[in-house]
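The next block holds one structure in the form of structure tokens; read it before the comments.
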Amino acid sequence: MRASIACLALLLAGALVASARANDSTAALAAGGLVYVLTEDIEMQSEDLFISMDAVRVRYTFENHADHDVTTLVAFPMPDIQGSIDFMVSIPVDDPVNFLGFKTLVDGKPVETRVQQRASALGIDQTALLTSLGVPLALHLDATRKALDALPQPDKDNLVQLGLAAIDEYDNDGKGMVKHLAPSWLLSTVFYREQTFPAGKRLVVEHSYQPSVGRSADVSFVAPEAQSEPWFDVYRQKYCMDDAFLKAARAGLAPDGGNNLFENRIAYVLRTGSNWAGPIAKFRLVVDKGSPNNLVSFCADGVKKIGPTQFEVVKTNFEPQQDLDIMILQPNADTR
């Protein structure tokens with residue numbers, strides 16, 4: 001059954017001073033929770049999820065109902081990163097592998113995880129080829145573009161033909177147009193480990209990471225003419241923006257159509273909770289909008305305000321049917 005939808009909208013305090021409209025925007029990467037080889041013996045008794053613009057923290061409590069220990073492979077898929085010439089994706093941590101700063105605790109103690117990274121184009125795994133050429137897989141780092149530019153021309157031509165790179169021509173130093181290679185592969189990263197669930201006991205697993213926050217230096221949907229655009233209703237439904245939220249956002253409009261609100265978008269793959277045996281017995285979500293002056297909107301029912309910036313959703317026997325998309329609007333002065 002599709003969950004009913006409610007929206008939270010909090011009015012901005014104080015007058016809003018308009019700024020010039022901008023079109024620079026970064027995309028958000030959607031991360032999620034654990035996935036594992038399904039077994040009917042292990043129940044997810046609770047999931048406590050905290051989401052803000054600075055941190056995502058998840059605390060799971062599992063119980064093994066079997067009369068023997070169960071060891072299974074547990075994985076945490078990182079969001080895929082698609083390369084392109086105009087790469088505009090929010091990457092919070094400058095690391096070639098752990099680009100979200102992912103950490104794991106089991107019963108309060110840090111645990112080591114292994115990692116697998118794969119680079120593919122047109123659905124074909126080309127990891128070995130890039131590695132043999134000395135090209136880093138981390139397409140979001142400058143070192144990767146430099147490695148591509150340093151390749152012999154035949155190798156460059158081959159990568160373009162395979163869909164692993166695209167020709168990007170620009171003047172970087174005022175000396176004229178120069179052709180460069182931009183990575184075009186899809187980078188897939190998975191952290192994983194073997195986890196033993198003790199017979200008849202509970203086990204607490206905690207994850208934390210920095211979210212990939214998509215940002216825009218302006219709010220496109222508040223302009224009066226935006227309501228006639230075909231994307232407006234899709235955008236409104238995705239974040240469950242009600243009339244109160246839109247009214248508060250439009251309070252920042254200036255006569256020239258500009259505003260001083262910054263748009264922040266967070267995505268979380270909630271449906272990974274459906275991989276476990278049965279529903280989540282107790283589920284709790286807390287969304288923190290960061291500042292009392294910010295606006296927040298997301299799709300959920302039974303939302304309760306528990307503090308100046310925090311909102312709570314509590315469910316029992318919860319089976320996630322849709323993922324979570326959160327919209328947070330910040331006045332310019334509050335934007336980090």
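The values are calculated or read from the model by the stated rules, or taken from the named source; none is laboratory data. If you're wondering where the values come from, they're calculated on a predicted model, not measured in any experiment. Using ideal geometry, Cβ is built from the backbone for each residue, glycine included, and neighbour counts are taken over all protein chains shown.
Flag: Ala333 matches the condition of being at pLDDT below 85, over 30 Å from Ala66 (Cα atoms) and not β-branched (Val, Ile, Thr).
Only one of the numbered conditions (1) hydrophobic (A, V, I, L, M, F, W, C); (2) touching a Pro at 6+ places or on another chain (Cβ under 8 Å); (3) over 30 Å from Ile266 (Cα atoms) is not met by Ala143, and that is (3). When region 105-117 is filtered for residues that are at pLDDT 95 or above and either at positive phi or of a type in the set (Lys, Arg) (or both), the ones remaining, listed by number, are Asp107, Gly108, Lys109. Counting only residues that are out of contact with any Cys (no Cβ under 8 Å at 6 or more places or on another chain), at pLDDT 75 or above and in a loop (DSSP other than H, G, I, E, B), which one in region 232-264 is surrounded by the most Cβ atoms within 10 Å (Cβ to Cβ)? Filtering region 232-264 for residues that are out of contact with any Cys (no Cβ under 8 Å at 6 or more places or on another chain), at pLDDT 75 or above and in a loop (DSSP other than H, G, I, E, B), the one surrounded by the most Cβ atoms within 10 Å (Cβ to Cβ) comes out as Asn260. With respect to the conditions (1) more than 24 Å from Gly163 (Cβ to Cβ); (2) part of a strand (DSSP E or B); (3) modelled with pLDDT of 90 or more, Met44 lacks only one, and its number is (3).
Note on region 156-203: residues that are surrounded by 19 or more Cβ atoms within 10 Å (Cβ to Cβ), among the aromatic types (Phe, Trp, Tyr) and over 28 Å from the mean Cα position of the chain (by Cα) amount to 1. Filtering Ser212, Ser132, Ser216, Ser120 for residues that are at pLDDT 95 or above and in the same structural domain as Leu329 (by TED's automatic domain parsing) leaves a single hit, Ser120.
His140 meets each of the listed conditions (1) more than 20 Å from Arg215 (Cβ to Cβ); (2) of a type outside the set (A, V, I, L, M, F, W, C); (3) not assigned by TED's automatic domain parsing to the domain that holds Pro308 apart from (1).
Among the residues here, Asn172 qualifies as free of Cβ contacts under 8 Å to residues at least 12 places away in the same chain, assigned to a loop (DSSP other than H, G, I, E, B) and not β-branched (Val, Ile, Thr). Return yes when Asn275 is at pLDDT below 80, in the same structural domain as His65 (by TED's automatic domain parsing) and closer than 30 Å to Glu40 by Cα and no when it is not. For Asn275, the condition - at pLDDT below 80, in the same structural domain as His65 (by TED's automatic domain parsing) and closer than 30 Å to Glu40 by Cα - is met. Against the list (1) modelled with pLDDT of 95 or more; (2) of a type in the set (S, T, N, Q); (3) touching a Gly at 6+ places or on another chain (Cβ under 9 Å), the condition Ser90 fails is (1).
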